[in-house]
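For reference, the structure is listed below as structure tokens.
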């Protein structure tokens, strides 16, 4: 500790070089992809462009899990050691802003210019009474991943999917709600489920009766599907991904974030497609908007650099390079076209994103991750019990309706 | 190295934040002030500062600084963290002084405290500080390359090194305890206990090395192939080292040279103190010297031991007596003198022999047995004196 006295001297000796602390927070249940989140290759276009403008600044990137992000930020901030910039899901950014663990974007001309580049619906997802919780950078979305050696093409609807399973090709479904979310749209239950998950008001025109029958139809389908011997119920995305990699499964719902890993392990045998539609309409893929939020501990200079990096990430050239380089990030800059012609994967991602905007009207309303975190365990418990037969679909429906906010 | 420098640069960037700088300056200032006060002349009003350990006023000061900062609405988490580390240091010192110093035998103090507890404390401090400044998990995931087919990360390597260090330094204590327990329950000799202790240490450390290799993901086939290749080089280069290690292990298992054994080395009786991996430590009583003898010496040369089957040593004391004295008298007298010495055992009984006819003197050999081979020289010196005194009493010329 005697060295503590030398610390200010060291600070003054560090010269003109500076560091910007960036904290990347992986999506819930995706922490096992930590290495991919930390992959420096993803950051090359942004880092290169940033260091061209600020050659004296180093980016110091760390990764922290989403589960206890509030606790770890509180601890770091009590010491004054919080990050300058956070890359988090939009809903998490909203929750952090409510807890005063991040700061709202300042109302400055440069920030306003950057916000104007973002799709208004995306902006709406991160705007609350306290201001804008973060600057969107890209989106992650759920898709279908399959093994081309076993399936020549992906099933386009639920009937085809079940036919694939009946023909002997094992398919995987996740028990967790965000992994099953796409089926809610395909079976017409999305309008009833969204308020349960996000706590947002019910859609205009919906009634308790219509919600009950939609939820019941969804749970009945899930129960009947789980009875098929070739349908594997997995605990989460990691289990599903490993199942596809090992050849245990032929088709799974997957997150765009897992594509890099799947491509690494499966190579050209990896097939990517939008999720199947159903009698209720298009599937409802789950889209996570990744946004830059500002830490509360930065010095004025660090804050300026943090804003500069966040704004730069929306630069059309950087966005295009990130999209092409990773083939899993959908640009948040609405003026950047997705180069679908050159990549089947990007075309599938773009189509899934289009499905999301068409079908998930309620999800684009701002909601807090706190509500989702609070309700997810109950929702997952009900779904699991219906899938394994502990509850009937009717009992499951009543249990879900009890979680729904008052009309 | 570039990565470390980049991390260091990142940590220094925190100093541009006024709350961080304020906390560090206050604690650093407090520490400097305390050190300055303690090095000056003691003042009666502040005598507590000189009587208490430095960490106590430091802790009190840190608590006051923390309370002050919180009262002013400032960040105090860093002061709290430094306070926790100071408190842990104080508790460690308390454990050292109040518990270990009383309960641990003196020879284990250096090992238990300086080589084990304090390094572990500093490793914990380093880990906590690294975690506070950045992400320990990210730092642990830093790749160091692929060795023997295993992708080595900084965290893996650090954890393996810490475990091996703890095994290497901390093993003697539990190994000694366990061997003592086995000795008591199976009624083993002290030599067997020490041998068991050594074997336990080798065994656990070997298991530790195997665990470390598995933890680092070393490809066993690759390691074996490289070991096979190296063995040729080792055969020519450092074969003596390996020869000594193998000899040491063999001697331990065979039990011919164990700690506690008494043997003859270069004409002197020595006690085996320690059988190390390379050399055996012998204690020579005549000049209280410790000799480091390579293990293979005992493996390739004949060794005289006094403790192979029992600890009894048969000693032989040559005595010259003038020819005028009747040999029968001397042959009867000498054993009676030896029998009076308390270290000389009754069975086998002491006996004297006439071994040489000289021109002026006959030479006799007094043979007797003792139970502690290390005391032979001392017993013989005392017997020489007793013989001189007895001869004088009987009017016999002094022996030569």
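The values are calculated or read from the model by the stated rules, or taken from the named source; none is laboratory data. Because the structure is a prediction, the values reported are computed rather than measured. Here the Cβ positions follow ideal geometry from the backbone for every residue, glycine too, while neighbour counts run over all protein chains shown.
Of the residues screened, residue A:85 is not one that is within 14 Å of residue A:137 (Cα to Cα) and without any contact (Cβ under 8 Å) to a residue 40 or more places away in the chain.
Restricting attention to segment B:152-162, the residues that are surrounded by 15 or more Cβ atoms within 10 Å (Cβ to Cβ) and assigned to a helix (DSSP H, G or I) total 7.
If you go through segment B:131-151 and keep only what is surrounded by 18 or more Cβ atoms within 10 Å (Cβ to Cβ), within 23 Å of residue B:120 (Cβ to Cβ) and in contact with a strand residue (DSSP E or B) (Cβ under 8 Å, 6 or more places away or on another chain), you end up with B:134, B:135. For segment B:123-138, filtered to residues that are in a helix (DSSP H, G or I) and within 7 Å of chain A (Cβ to nearest Cβ), the residue that is nearest to residue B:161 (Cα to Cα) is B:138.
More than 10 Å from chain A (Cβ to nearest Cβ), without any contact (Cβ under 8 Å) to a residue 60 or more places away in the chain, under 30 Å from residue A:20 (Cα atoms) and part of a helix (DSSP H, G or I) - does that describe any residue in segment B:4-24? Yes, there is a match, as at least one residue in segment B:4-24 is more than 10 Å from chain A (Cβ to nearest Cβ), without any contact (Cβ under 8 Å) to a residue 60 or more places away in the chain, under 30 Å from residue A:20 (Cα atoms) and part of a helix (DSSP H, G or I).
Pairing residues of segment B:37-65 that are within 14 Å of chain A (Cβ to nearest Cβ) and within 13 Å of residue B:86 (Cβ to Cβ) with residues that are modelled with pLDDT of 90 or more and not in a helix (DSSP H, G or I), at Cβ distances under 9 Å and at least 6 apart in sequence or on separate chains, gives B:65/B:76.
Being surrounded by fewer than 21 Cβ atoms within 10 Å (Cβ to Cβ), touching a helix residue (DSSP H, G or I) at 6+ places or on another chain (Cβ under 6 Å), over 23 Å from residue A:237 (Cβ atoms) and in contact (Cβ under 8 Å) with a residue 24 or more places away in the chain is a property that does not hold for residue A:149. The listed residues are A:87, A:33, A:46, and the only one of them that is more than 20 Å from residue B:78 (Cα to Cα), more than 12 Å from chain B (Cβ to nearest Cβ), assigned to a strand (DSSP E or B) and at pLDDT below 95 turns out to be A:87. Once segment B:44-56 is narrowed to residues that are in contact with a helix residue (DSSP H, G or I) (Cβ under 8 Å, 6 or more places away or on another chain) and assigned to a loop (DSSP other than H, G, I, E, B), the residue that is surrounded by the fewest Cβ atoms within 10 Å (Cβ to Cβ) is B:53. Note on segment A:70-84: residues that are within 14 Å of chain B (Cβ to nearest Cβ) and surrounded by fewer than 21 Cβ atoms within 10 Å (Cβ to Cβ) amount to 6.
For residue B:108, are the conditions met, namely being part of a helix (DSSP H, G or I) and within 14 Å of chain A (Cβ to nearest Cβ)? When the stated conditions are applied, residue B:108 does not pass them.
The sole residue among A:346, A:317 that is at pLDDT 80 or above, crowded, with 19+ Cβ neighbours inside 10 Å and in a helix (DSSP H, G or I) is A:346.
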